[in-house]
Structure formats: C-alpha cells, structure tokens
Amino acid sequence: MTDLAVIFDELPTRDGGRIGIATLNAPKSLNALSLDMARQLDAKLQAWAVDRSIVAVWLEGSGEKAFCAGGDVVALYRSMTEEGENRGAGRDSLFAETYFTTEYRLDYRIHRYPKPILVWGDGIVMGGGLGLMAGAARRLVTETTLIAMPEITIGLYPDIGASWFLNRMPPGVGAYLGLTGAQLNARDALDLGLADHFVPRERRSELLEALGAADYGTRSRRDLQAGVQGVLDEFEARRQAPAAQVWPLLDHVQALTAQIDAPAAVRRILADDRDDAWLAANRKRLEAGSPLSAHLVWRMLERHRHTSLADAFRDELNLSVQCCRRGDVAEGVRALLIDKDRNPKWQHASVDDVPEADLQALLEPLWSAEEHPLRDLDCGERVR
C-alpha cells in the first residue's frame, strides 16, 4: 500500500471520458482527514473540474472500516499543546486556522462542484467525513454505514457546514443530533436527507463498472447528472437498508427540543426515561459531553437558520479557531484519544453553569469581513 495521503486514479468510460477516483489512504486512523489529505483532494478537484474528459468523481476511503471517521483532531491537539504558549487564549492557533480554512474550503467546493461527485459512504462517516459527504451530488450508503457528529464529546460542535444543513432537517432533529452525537444508520441517513441511495457493499465494483459503461452525452452538466443517475437507479436497493432508528421516534425527538433553550433541552433529554437503546446511548453521550459545546450547538443552529452556506462556513471557521484558543477542545481530545481516560475536566460543571460572557468570547470575530480567510466564498452556484 502506498504512503500517499490520497490515492488518485482515473477510470476510462465507454464514451472516451474518465471518472476521477480519489481514495483517502489512512486506514489505521480510519481515514481521519489530515491537512495533507484536504490539500491534495482540493487541488485535484480543482483540476478535474476544468478537465472536460472527467465526467464524474468517485470519493471513498481505504480499508474495510471507514470512509472517514472525522478530522485529524490528534494533530490539532498537538498543535495546541506542543507549540507556542500552552495555556489560555495565548495558545498557538495557527495550525487550527490553516486546518479549518483548508477543510471548509474543500467542503464548500464539493457543495458547488460542477460535475457529479459520488461519495461511497461505507462504514464510519463522522465529523470531517460527513463534511466531505454532505455536499456531494450523490451520497451512497451501505449496510455498514454509521454516521454521527459526536463533536460534543471532544469539546467542539458540529461544524463542516452542519450549522447550515442540520437546519434543513425536520425541526428539532438537527439540534438533537448535535447535542447527543447520535449514531445514524443508512436508513436514518436516507430519511434525514444525509444520503441519496442505498447500495449493498458487495456491489461497489459492479457499480463502478456500470458507471464506466454509461453514456454521458454531450458532457453538459445535465447529461453528466443523467448518466450517473441512470446507473444509480439500477443499483438502488433501499428496501435492504437496516430498520430506521430516528423516524419511528420523530415526534418524541422533536418534543425533547421544542421551543426551548439549550439548558432546558439538555435537561429534557437527560430526564427522558423512554425505554429505547438508541435514546439511552444518546443520553449517555450528552451527559459525558462538554457543557460549553451544548450551548454552541444550540447557538450556531440559531445563528444559521436563515443564512447562506458560505456565511455558515465563515462563522464556523471563527468559532472553531476560538474553541481551540479558549474552549474545551484540548481537554476533550486528551481525555478521549490521547490519555484515553474518558474523564475530561470540562471548564464548566453543567450546562447551567456556562455564563453568557464565555459564549460571547467564543463568538467574538477574529477577522474583519475584508480579512476573513473565507471571504471569497459565495453562493453563486449549486449547493444542496
């Protein structure tokens, strides 16, 4: 196996075109999205976008366990603890700024890409992995798909555009997922608009062969989309997807987060005694999570209920860097992934103990509009 962070290949098509194939290549870390990965993938997507012979892009992860289990938070932790001043607001945030800027720019590019991007969301898809998947034209899930945004467990919040796309779920559901880091299967992803097609894992190679044999017409955007869709219609097998977890509990989940603030929602969820294994696991995750993060989940969804995707990414960049400077990220990563004691010492004992001043400090702008690293993002082209 090559040591390249991302393996690129091109599959010839019957009509003389090519399908670009990108494989995240860090199976030992469950393909956690590193800075090198993001840079290489972004550069290749830019090249493929203007290459007329490329009719579509296929994105997957190496190994059997994960498409991408999140961002490279271990590298983020090391940048906060091994570089510069290690305490308080003075800790070095240069790596955090570079990493998140690169990641969000890549995610946004996928949302507005001019050609079909197909993401093979097999296995674990978490955090940064969902950022790669969320904006793709065709998001494919299998019987092994497990999707989650468990950022509350490391003192972060659902970023990667989630402040925008969680708001496009049924009311209250996005907040519940963000607060609890709930794990979703393929059926849940289809029900909630995080996936488009269910394809059994064993049919991956057959699907790629069929895409190579498809007709992409004049290579117009419409013809490219039609060529891909025609193949996927033949492989669609959502009747084989696992049983839904969220949809049968939709009314209950919405009632837990309806018309209240973050502390009240947390109290309701933790006090919920409904006998259901999925709900119980979610309660446990929330109870162990960062109280500060719970507020940030709620606040960011409120701030971006009616904004553009570009504005959400700009605001997320600001908050993510601030979380590394002032928040619970270093402690959360230490407890979960470095020392693995699973006993984080959060800044606040409970969600009721988080003062508004601490939230306002995290939301304080780091750049003017003219200086913002993502100032050039716009919503002039297609986004989901």
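The values are calculated or read from the model by the stated rules, or taken from the named source; none is laboratory data. Values in this document were obtained by computation on a predicted structure and should not be read as measured data. Note that each Cβ is placed from the backbone with ideal geometry, even for glycine, and that neighbours are counted across all protein chains shown. These area figures cover heavy atoms from the full protein model, side chains too; ligands, DNA and RNA do not enter into them. Shrake-Rupley method; radii C 1.70, N 1.55, O 1.52, S 1.80 Å.
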* To do: Those residues that are open to solvent by less than 20 Å² (accessible area, probe 1.4 Å) and over 18 Å from R299 (Cα atoms), I need them from region 323-353; list them, please.
  => A330, G332, V333, A335
* Determine whether region 212-219 contains at least one residue that is open to solvent by 30 Å² or more (accessible area, probe 1.4 Å) and free of Cβ contacts under 8 Å to residues at least 24 places away in the same chain. => yes
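Yes or no: region 4-17 includes at least one residue that is modelled with pLDDT under 95, of a type in the set (A, V, I, L, M) and not in a strand (DSSP E or B).
Yes, because at least one residue in region 4-17 is modelled with pLDDT under 95, of a type in the set (A, V, I, L, M) and not in a strand (DSSP E or B).
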* To do: Any residue in region 1-12 that's of a type outside the set (A, V, I, L, M): show its pairings with residues that are outside any strand (DSSP E or B) at Cβ separation under 7 Å, as long as the two are six or more apart or on different chains.
  => T2/N25; F8/K44; P12/G212
* To do: Filter region 269-290 for residues that are within 22 Å of I154 (Cα to Cα), charged (D, E, K, R) and out of contact with any Gly (no Cβ under 6 Å at 6 or more places or on another chain) and give the result.
  => R283, K284, E287
* Asked: How many residues does region 196-211 contain that are part of a helix (DSSP H, G or I) and open to solvent by less than 10 Å² (accessible area, probe 1.4 Å)?
  -> 2
* **Hits in region 186-195 - residues which are part of a loop (DSSP other than H, G, I, E, B) and crowded, with 21+ Cβ neighbours inside 10 Å** => L192, L194, A195
* Applying the selection to region 41-79, what residues are modelled with pLDDT under 95 and either farther than 25 Å from N25 by Cα or among the polar types (S, T, N, Q) (or both)? -> S79
* Select from region 223-237 the residues that are part of a helix (DSSP H, G or I) and exposed (fewer than 15 other Cβ atoms within 10 Å of the Cβ) and write down the one among them that is nearest to the chain's Cα centre (by Cα). => D233
* Asked: On the given criteria, is L317 farther than 17 Å from S290 by Cα and open to solvent by less than 50 Å² (accessible area, probe 1.4 Å)?
  -> yes
* Asked: With (1) open to solvent by less than 50 Å² (accessible area, probe 1.4 Å); (2) modelled with pLDDT of 95 or more as the list, and R375 as the residue in question, which single condition is left unmet?
  -> (1)
* Among the residues of region 246-291, which ones are open to solvent by less than 60 Å² (accessible area, probe 1.4 Å) and either in a loop (DSSP other than H, G, I, E, B) or among the aromatic types (F, W, Y) (or both)? -> V246, A258, I260, D272, D276, W278, G289, S290
* Structure fact -> Cβ pairs under 6 Å, 6+ apart or interchain, first in region 41-55 and in a helix (DSSP H, G or I), second open to solvent by 30 Å² or more (accessible area, probe 1.4 Å) and at pLDDT 95 or above, ordered by first then second residue, are K44/F8; L45/R109; A49/P114
* For L296, state whether it is open to solvent by less than 10 Å² (accessible area, probe 1.4 Å) and either aliphatic (A, V, I, L, M) or in contact with a helix residue (DSSP H, G or I) (Cβ under 7 Å, 6 or more places away or on another chain) (or both). => yes
* Among the residues of region 354-365 satisfying the criterion of being in a loop (DSSP other than H, G, I, E, B) and either among the hydroxyl-bearing types (S, T, Y) or open to solvent by 50 Å² or more (accessible area, probe 1.4 Å) (or both), which is nearest to V266 (Cα to Cα)? -> P355
* To do: Might you check whether a residue that is modelled with pLDDT under 95, crowded, with 16+ Cβ neighbours inside 10 Å, more than 18 Å from the chain's Cα centre (by Cα) and part of a loop (DSSP other than H, G, I, E, B) occurs anywhere in region 89-110?
  => yes
